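Engineer: Handing you this structure, nothing more for now.
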């Protein structure tokens, strides 16, 4: 006896009628702007010297005043983890708008596609939307299942949002979301008991808007497997190979992140102004 | 008893006296201009999402008005083929000049070298020049054997030019070579019974000259072997690995194509004006 698996209709781009009745239909813009100059420079540099690449335990230093040594770049750490950093200018954006976006976009695949029209395919939450939750409370503790192209390849990714405190951030310093926020999440590969890495997006007020400082740690010690004992240890070794992205993939992710965050910044202030009351 | 293999004298660049008595000697220009902006952007983007990359069967859509979604870019399709696209502005060029060039350049290695002075090594036809043939008729149906560097490596390539109709193009729409032409060819690796891919250069009139839209499909289902039965099947599997270029090679080919076509455009109008009566 066979059980048909309900298939999801996955497609890149918008099909006719897909945005019908969506109040955000006019925000669909499939034109991606050219890469920003500092992302181009980071790609041309290629991998950086390992000691320049911070560990996950240094993430809380994002809240220090000033800039880090690597605000844009990528490379392989001595512990085997891939690290990448990208900064995105977000004129007219406030950190609170970014919190709103992270809670709002996962509700419908079409919202997720606004973000990167040439790479985002599907998104849904692992649970029901918490009624009335606002700001960080709408996404922290939840899991978003996304399908997206990184380079040429479709990836099924789980994004498990965690409290900034879980990565050691001082949440007292984040009390005013008009001034700063930090989006933190564990990244996993769907269908495998693998947790492949971490992402952190720090957003802080700057004159004229905000800037986002994105950080990824992938593979190496972060390519952990959720399985107990010996099986876990063996699987973990295997998973590290499977879940360890190549430099080529890190490059593709840097491009993807820079594009999606710049594209988001291009429409977020107007989208927020018009629709932040729409659940 | 040993038989010496007659060696061809292959060299990159022009040796002293090599252009003596050539009426096109003054067109030798070893300076390659910087890469055009949209090619730089395509290289920085890196591989694109697979669904954005058209199949060979979609090539005839080049004759539609307007632009394709990917006019500059590369990536790996879901069928395993590498795809790449590059656009080249060709001021003061007519599509008919490009047809003339494809028939004319293969006659002497020195002509071929004008095209990409830092990569082209040798070219010759597989047959005698058809007397009096003009336009497309001088190259379609013929095989050009070329030696050229793609990246650091010397490649021996066969270019078997075919009628556009063989790839499904509506030749009625190409009746006026002053308005448009399409150069179509099967690409193979010399010395192996492998056919590695296809190239298509669509040239159309635009205000002030022409534009060339180049497309390559390499490897994957296009890495076919010409050998019958079981041997063919085994060889084919092997050949697909051998003949499937890596992303790095696709990148190198994108650079090479953009350079040679921009370089060609820099001298073609004057070359044609002066020498189109020279067989």
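The values are calculated or read from the model by the stated rules, or taken from the named source; none is laboratory data. Quantities reported herein were computed from a predicted structural model and do not represent experimental measurements. Cβ: placed from backbone, ideal geometry, glycine included. Neighbour counts: every protein chain shown.
Engineer: Would you check which residues across the range B:149-208 are over 25 Å from residue B:96 (Cα atoms) and over 14 Å from the mean Cα position of the chain (by Cα) and list them?
Structural biologist: Answer for the range B:149-208, where residues must be over 25 Å from residue B:96 (Cα atoms) and over 14 Å from the mean Cα position of the chain (by Cα): B:151, B:152, B:153, B:154, B:190, B:191, B:192, B:193, B:194, B:195.
Engineer: Right, residue B:220: out of contact with any helix residue (DSSP H, G or I) (no Cβ under 6 Å at 6 or more places or on another chain), exposed (fewer than 14 other Cβ atoms within 10 Å of the Cβ) and at pLDDT below 95 or not?
Structural biologist: Working: out of contact with any helix residue (DSSP H, G or I) (no Cβ under 6 Å at 6 or more places or on another chain): yes; exposed (fewer than 14 other Cβ atoms within 10 Å of the Cβ): no; at pLDDT below 95: yes.
Criteria not met by residue B:220.
Engineer: The conditions are (1) in contact with a helix residue (DSSP H, G or I) (Cβ under 8 Å, 6 or more places away or on another chain); (2) closer than 22 Å to residue A:151 by Cβ; (3) modelled with pLDDT under 95, and residue B:226 fails exactly one of them. Which is it?
Structural biologist: Residue B:226 satisfies all of (1) in contact with a helix residue (DSSP H, G or I) (Cβ under 8 Å, 6 or more places away or on another chain); (2) closer than 22 Å to residue A:151 by Cβ; (3) modelled with pLDDT under 95 except (2).
Engineer: While we're looking at this one, here's another question. Would you check which residues across the range A:249-279 are closer than 14 Å to residue A:36 by Cα and within 14 Å of chain B (Cβ to nearest Cβ) and list them?
Structural biologist: First, pick out the residues of the range A:249-279 that are closer than 14 Å to residue A:36 by Cα: A:254-266.
Within the range A:249-279, A:254, A:255, A:256, A:257, A:258, A:259, A:260, A:262, A:263 qualify.
Engineer: Okay, moving on. Conditions: (1) farther than 23 Å from residue A:48 by Cβ; (2) touching a strand residue (DSSP E or B) at 6+ places or on another chain (Cβ under 8 Å); (3) at pLDDT 95 or above; (4) within 14 Å of chain B (Cβ to nearest Cβ). Residue A:174 meets all but one. Number of the miss?
Structural biologist: Here residue A:174 clears every test but (4).
Engineer: Another question, then. Yes or no: the range A:240-248 includes at least one residue that is more than 14 Å from every other protein chain (Cβ to nearest Cβ), at pLDDT 65 or above and out of contact with any helix residue (DSSP H, G or I) (no Cβ under 9 Å at 6 or more places or on another chain). So that I can check it myself, show each step before the final result.
Structural biologist: Start the filter on the range A:240-248 by keeping residues that are more than 14 Å from every other protein chain (Cβ to nearest Cβ), which leaves A:240-244.
Next, only the ones that are at pLDDT 65 or above stay: none.
Scanning the range A:240-248, I find no residue that is more than 14 Å from every other protein chain (Cβ to nearest Cβ), at pLDDT 65 or above and out of contact with any helix residue (DSSP H, G or I) (no Cβ under 9 Å at 6 or more places or on another chain), so the answer is no.
Engineer: OK, next. Within the range A:187-198, can one find any residue that is surrounded by fewer than 19 Cβ atoms within 10 Å (Cβ to Cβ), away from chain B (no Cβ under 14 Å), more than 30 Å from residue B:70 (Cα to Cα) and touching a helix residue (DSSP H, G or I) at 6+ places or on another chain (Cβ under 6 Å)?
Structural biologist: Taking every residue of the range A:187-198 in turn, none turns out to be surrounded by fewer than 19 Cβ atoms within 10 Å (Cβ to Cβ), away from chain B (no Cβ under 14 Å), more than 30 Å from residue B:70 (Cα to Cα) and touching a helix residue (DSSP H, G or I) at 6+ places or on another chain (Cβ under 6 Å).
Engineer: Residues that are farther than 23 Å from residue B:62 by Cα, touching a helix residue (DSSP H, G or I) at 6+ places or on another chain (Cβ under 9 Å) and surrounded by 20 or more Cβ atoms within 10 Å (Cβ to Cβ): does the range B:162-179 have at least one?
Structural biologist: Narrowing the range B:162-179 to residues farther than 23 Å from residue B:62 by Cα: none.
No, the conditions are met nowhere in the range B:162-179.
Engineer: Would you point out the residue of the range A:265-279, among those that are in a loop (DSSP other than H, G, I, E, B) and touching a helix residue (DSSP H, G or I) at 6+ places or on another chain (Cβ under 9 Å), that is surrounded by the most Cβ atoms within 10 Å (Cβ to Cβ)?
Structural biologist: Of the range A:265-279, the ones in a loop (DSSP other than H, G, I, E, B) are A:276-279.
Still in the list and also touching a helix residue (DSSP H, G or I) at 6+ places or on another chain (Cβ under 9 Å): A:276, A:278-279.
Details: A:276: 13, A:278: 11, A:279: 11.
Per the stated criteria, the residue is A:276.
Okay, residues lined up against (1) under 20 Å from residue B:211 (Cα atoms); (2) at pLDDT below 95; (3) buried (at least 17 other Cβ atoms within 10 Å of the Cβ); (4) touching a strand residue (DSSP E or B) at 6+ places or on another chain (Cβ under 6 Å):
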| position | (1), (2), (3), (4) |
| --- | --- |
| B:2 | no, yes, no, no |
| B:15 | no, yes, no, no |
| B:18 | no, yes, no, no |
| B:25 | no, no, no, no |
| B:42 | yes, no, yes, yes |
| B:50 | no, no, yes, no |
| B:53 | no, no, yes, yes |
| B:59 | yes, no, yes, yes |
| B:70 | yes, no, yes, yes |
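Engineer: Which of (1) farther than 12 Å from residue A:146 by Cβ; (2) at pLDDT 95 or above; (3) surrounded by 16 or more Cβ atoms within 10 Å (Cβ to Cβ) is the odd one out, the single condition residue A:82 does not satisfy?
Structural biologist: (2)
Engineer: Go through the range B:136-171 and count every residue that is at pLDDT below 95 and in a loop (DSSP other than H, G, I, E, B).
Structural biologist: Final tally of qualifying residues: 2.
Engineer: Could you pull out the residue among B:20, B:40 that is assigned to a helix (DSSP H, G or I) and without any contact (Cβ under 8 Å) to a residue 12 or more places away in the chain? If you could, list the steps in order and put the result at the bottom.
Structural biologist: Working: B:20 fails: assigned to a helix (DSSP H, G or I).
Among B:20, B:40, only B:40 is assigned to a helix (DSSP H, G or I) and without any contact (Cβ under 8 Å) to a residue 12 or more places away in the chain.
Engineer: Exactly one of these conditions fails for residue B:104: (1) over 24 Å from residue B:218 (Cβ atoms); (2) more than 16 Å from the chain's Cα centre (by Cα); (3) more than 9 Å from chain A (Cβ to nearest Cβ). Give me its number.
Structural biologist: The failed condition is (2).
Engineer: Say whether the condition of being within 14 Å of another protein chain (Cβ to nearest Cβ), at pLDDT 95 or above and in contact with a helix residue (DSSP H, G or I) (Cβ under 9 Å, 6 or more places away or on another chain) is met by at least one residue in the range B:110-120. Walk me through how you get there before you give the answer.
Structural biologist: At the first step, the residues of the range B:110-120 found to be within 14 Å of another protein chain (Cβ to nearest Cβ) are none.
Scanning the range B:110-120, I find no residue that is within 14 Å of another protein chain (Cβ to nearest Cβ), at pLDDT 95 or above and in contact with a helix residue (DSSP H, G or I) (Cβ under 9 Å, 6 or more places away or on another chain), so the answer is no.
Engineer: I'm checking my understanding of the structure. Among residues of the range B:52-83 that are within 7 Å of another protein chain (Cβ to nearest Cβ) and either in contact (Cβ under 8 Å) with a residue 24 or more places away in the chain or touching a helix residue (DSSP H, G or I) at 6+ places or on another chain (Cβ under 8 Å) (or both), which one is farthest from residue A:118 (Cα to Cα)?
Structural biologist: To start, the set of residues in the range B:52-83 that are within 7 Å of another protein chain (Cβ to nearest Cβ) comprises B:52, B:75-76.
Add one more test, that the residue is either in contact (Cβ under 8 Å) with a residue 24 or more places away in the chain or touching a helix residue (DSSP H, G or I) at 6+ places or on another chain (Cβ under 8 Å) (or both), and what stays is B:75-76.
Details: B:75: 13, B:76: 15 Å.
Restricting to residues being within 7 Å of another protein chain (Cβ to nearest Cβ) and either in contact (Cβ under 8 Å) with a residue 24 or more places away in the chain or touching a helix residue (DSSP H, G or I) at 6+ places or on another chain (Cβ under 8 Å) (or both), the top hit is B:76.
Engineer: Further question on the same structure: Determine whether the range B:115-123 contains at least one residue that is assigned to a loop (DSSP other than H, G, I, E, B), surrounded by 17 or more Cβ atoms within 10 Å (Cβ to Cβ) and under 12 Å from the mean Cα position of the chain (by Cα).
Structural biologist: Of all residues in the range B:115-123, those assigned to a loop (DSSP other than H, G, I, E, B) come to B:116-119.
Retained after the next criterion (residues that are surrounded by 17 or more Cβ atoms within 10 Å (Cβ to Cβ)): B:116-117, B:119.
Subset that is under 12 Å from the mean Cα position of the chain (by Cα): B:116.
Yes, the range B:115-123 has at least one match.
Engineer: Right, next: Specify which of the listed residues (A:95, A:34, A:109) is free of Cβ contacts under 8 Å to residues at least 60 places away in the same chain and touching a strand residue (DSSP E or B) at 6+ places or on another chain (Cβ under 8 Å). Walk me through it before giving the result.
Structural biologist: Details: A:95 fails: free of Cβ contacts under 8 Å to residues at least 60 places away in the same chain; A:34 fails: touching a strand residue (DSSP E or B) at 6+ places or on another chain (Cβ under 8 Å).
On inspection, the qualifying residue turns out to be A:109.
Engineer: Another question, then. Take the range B:112-130 and flag every residue that is free of Cβ contacts under 8 Å to residues at least 60 places away in the same chain and touching a strand residue (DSSP E or B) at 6+ places or on another chain (Cβ under 9 Å). So that I can check it myself, show each step before the final result.
Structural biologist: Of all residues in the range B:112-130, those free of Cβ contacts under 8 Å to residues at least 60 places away in the same chain come to B:112, B:123-128, B:130.
Listed by number, the residues that qualify are B:112, B:123, B:124, B:125, B:126, B:127.
Engineer: I would also like to ask the following. What's the number of the only condition in (1) surrounded by fewer than 16 Cβ atoms within 10 Å (Cβ to Cβ); (2) part of a strand (DSSP E or B) that residue B:87 fails to meet?
Structural biologist: Unmet for residue B:87, out of (1) surrounded by fewer than 16 Cβ atoms within 10 Å (Cβ to Cβ); (2) part of a strand (DSSP E or B): (1).
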